[in-house]
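Asks: Just dropping this structure here.
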Amino acid sequence: MSDTIAPLVFIYDRCASRNRRDLDQRLIGCHTYVDRMGWALAGRGPWRDLGPDALSTHRPALAAMAAAMREAVGFREVLCLVHNWGRLATDDTHRLVLQQRIIEAGGWTLTTFGESDRHTFRAVLVGRGA
């Protein structure tokens, strides 16, 4: 067993449709991923933007999640887990803006397929002199 503390995982998703079956399946996949990795799950999640909020640039649940990440970052590593990059936004520019919000909150983003922006997160830390 490692001496490192497991990261605190914040699960995020969005769903514009009324049918929440796909959302539920993605969230189950995220929970399974966290369990398989042996990581700690942030207690108030998952954070979900639904309906019109899922399509807008204003994401209340993502903003609340980022605030919770900021509070936890002093105690352990924090990350935002999404099923895939499209769960943040289908538009690459919009997705990158949302990823930047997570980085600014002190975290990084990971998909259940193992894709991450951790290298970007570390580059931001180095740029800040950390």
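Asks: Out of the residues in region 44-55 that are under 14 Å from the mean Cα position of the chain (by Cα) and in a loop (DSSP other than H, G, I, E, B), which is surrounded by the fewest Cβ atoms within 10 Å (Cβ to Cβ)?
Replies: The qualifying residue surrounded by the fewest Cβ atoms within 10 Å (Cβ to Cβ) is Arg44.
Asks: Out of the residues in region 23-40 that are touching a Leu at 6+ places or on another chain (Cβ under 7 Å) and touching a residue at least 40 places away in the same chain (Cβ under 8 Å), which is surrounded by the most Cβ atoms within 10 Å (Cβ to Cβ)?
Replies: The extreme case among them is Cys30.
Asks: Next question, about the same structure. Which one is farthest from the chain's Cα centre (by Cα) among residues in region 8-22 that are of a type outside the set (S, T, N, Q) and surrounded by fewer than 20 Cβ atoms within 10 Å (Cβ to Cβ)?
Replies: The qualifying residue farthest from the chain's Cα centre (by Cα) is Arg18.
Asks: Let me ask something additional. Of the residues Val126, Val78, which single one is modelled with pLDDT under 95 and not acidic (Asp, Glu)?
Replies: Unique residue meeting the criteria: Val126.
Asks: Okay, moving on. Kindly indicate which of Arg101, Arg95, Arg59 is over 18 Å from Pro7 (Cα atoms), in contact with a Lys or Arg (Cβ under 8 Å, 6 or more places away or on another chain) and buried (at least 16 other Cβ atoms within 10 Å of the Cβ).
Replies: Arg59
Asks: So, in region 1-29, exactly how many residues are of a type in the set (A, V, I, L, M, F, W, C) and either touching a Phe, Trp or Tyr at 6+ places or on another chain (Cβ under 9 Å) or part of a loop (DSSP other than H, G, I, E, B) (or both)?
Replies: 8
The values are calculated or read from the model by the stated rules, or taken from the named source; none is laboratory data. Note that the coordinates shown come from a computational prediction; the quantities given were computed from them, not determined experimentally. No Cβ is skipped: glycine too gets one built from the backbone with ideal geometry, and neighbour counts run over all protein chains shown.
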